[in-house]
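A.B. asks: Sharing a structure here in structure tokens format.
The values are calculated or read from the model by the stated rules, or taken from the named source; none is laboratory data. All values reported here derive from a predicted model rather than from experimental measurement. Here the Cβ positions follow ideal geometry from the backbone for every residue, glycine too, while neighbour counts run over all protein chains shown.
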Amino acid sequence: MLLIKIGGGKELNLNGIASDLSTLNERFIIVHGANALRDELALKLGYQKKIVTSLSGYDSVLSDEQTIDLMMMAYAGLKNKRIVELLQQKGVNAVGLSGVDGKVIQGKRNSGIKVRERGKTLLLRDFSGKPQAINKQLLDLLLENGYTPVLSVPLIDENNIAINSENDDVIALLQAEFKADKIILLIEAPGFLLDKNDPSSLVSKMSKTELEAMEQKVDSRMKRKILALRKLFWESSKEIPISRNIQLGEAGETTVIIADGRTENPIKDALNGKGTTIQ
């Protein structure tokens, strides 16, 4: 079993990814982003996104109702269906679902984001939250009948309202449920870089115990991504809970590969050891 996360950058080689996936002889689930497409649509529609930084130092997009509309257009709509289209062309019988469809990814809405503005601490409410549960019955039904799930935000919250969330957290929750042997994260870089502007700073191998130290070396959104990677390997669910019902750290040994999604054969390259391997 493989979990594939396709980033939302504009330069990712979706055709190459689809071609590689069509050659696999095992089941897989895809989770994809669409941030570049979302930003393009926002520009065309005259919508300005707002980036906020929490008191703990993690950056995120403030998700108001317009943001959710954009996500439904960009993520669950155009990007999802283009990926499904490509996979179908390569012979992969893909089914595209947002977290809202069949409540395939259920979340809990955040109580608010604490930020510091003009010397004051503010609590900002928006339509964002954390994934809490996977409709595994639905995903198993698809997988067992030869369909490949292609998943995207938005999720659905406890009040059946669409919310934004982090795909990295969705991957962590899927891993806790499906216990995949390998997780491939495709990005617009050769792998994990100590210096994001220097490709030669690639870290080719990393142990799961090194992730906490790495988190202290990066800032902004990368801190959040490292935190999500730590969840995939967490030994104690008491320290970073992601779900009421799933115990983290029980998934057994898994390998996480952060690889370049821009190459001619992104999946094959990742499986052949290119990028950053974390065990």
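A.B. asks: Return the only residue of A180, A176 being part of a loop (DSSP other than H, G, I, E, B) and surrounded by 15 or more Cβ atoms within 10 Å (Cβ to Cβ).
C.D. replies: Answer to the selection: A180.
A.B. asks: Report, ordered by the first and then the second residue, all pairs with beta carbons closer than 9 Å, sequence separation of six or more or different chains, a first member in the stretch 263-274 that is more than 16 Å from K5 (Cβ to Cβ), and a second member that is surrounded by 21 or more Cβ atoms within 10 Å (Cβ to Cβ) and aliphatic (A, V, I, L, M).
C.D. replies: From the stretch 263-274, the pairs are N265/I17; G273/I257; K274/I257; K274/A259.
A.B. asks: Within the bounds of the stretch 115-129, is there any residue that is among the hydrophobic types (A, V, I, L, M, F, W, C) and under 14 Å from the mean Cα position of the chain (by Cα)?
C.D. replies: No, that holds for no residue.
A.B. asks: Return the residue satisfying two criteria in turn: it lies in the stretch 201-226 and is surrounded by 12 or more Cβ atoms within 10 Å (Cβ to Cβ) and among the small types (G, A, S), and of such residues it is modelled with the highest pLDDT.
C.D. replies: Here the residue is S204.
A.B. asks: Moving to a separate point now. I'm trying to understand the selection: among the residues of the stretch 12-26, which are of a type in the set (A, V, I, L, M) and closer than 12 Å to L87 by Cβ?
C.D. replies: Residues satisfying the conditions are L14, I17, A18, L21, L24.
A.B. asks: Something else: Say whether the condition of being over 18 Å from the mean Cα position of the chain (by Cα) and at pLDDT below 95 is met by at least one residue in the stretch 173-192.
C.D. replies: Within the stretch 173-192, none of the residues are over 18 Å from the mean Cα position of the chain (by Cα) and at pLDDT below 95.
A.B. asks: Now for a separate question. Can you tell me which residue is surrounded by the fewest Cβ atoms within 10 Å (Cβ to Cβ) among those in the stretch 1-53 that are within 27 Å of D140 (Cβ to Cβ) and hydroxyl-bearing (S, T, Y)?
C.D. replies: T23
A.B. asks: To continue, here is another question. In contact with a strand residue (DSSP E or B) (Cβ under 7 Å, 6 or more places away or on another chain), polar (S, T, N, Q) and either closer than 20 Å to N93 by Cα or surrounded by 21 or more Cβ atoms within 10 Å (Cβ to Cβ) (or both): which single residue out of N164, N145 fits that description?
C.D. replies: Only one candidate qualifies: N164.
A.B. asks: Any residue that is part of a helix (DSSP H, G or I), touching a helix residue (DSSP H, G or I) at 6+ places or on another chain (Cβ under 8 Å), at pLDDT 75 or above and surrounded by 16 or more Cβ atoms within 10 Å (Cβ to Cβ) - is there at least one of those in the stretch 253-267? Before the answer, list the steps.
C.D. replies: Keep residues of the stretch 253-267 that are part of a helix (DSSP H, G or I), which gives 266-267.
Narrowing the set further to residues that are touching a helix residue (DSSP H, G or I) at 6+ places or on another chain (Cβ under 8 Å) leaves 266-267.
Remaining after also requiring at pLDDT 75 or above: 266-267.
Filter once more, keeping what is surrounded by 16 or more Cβ atoms within 10 Å (Cβ to Cβ): 266-267.
Within the stretch 253-267, one or more residues are part of a helix (DSSP H, G or I), touching a helix residue (DSSP H, G or I) at 6+ places or on another chain (Cβ under 8 Å), at pLDDT 75 or above and surrounded by 16 or more Cβ atoms within 10 Å (Cβ to Cβ).
A.B. asks: Specify which of the listed residues (K108, K103) is charged (D, E, K, R), at pLDDT 95 or above and on the phi > 0 side of the Ramachandran plot.
C.D. replies: Of the residues listed, the single one that is charged (D, E, K, R), at pLDDT 95 or above and on the phi > 0 side of the Ramachandran plot is K103.
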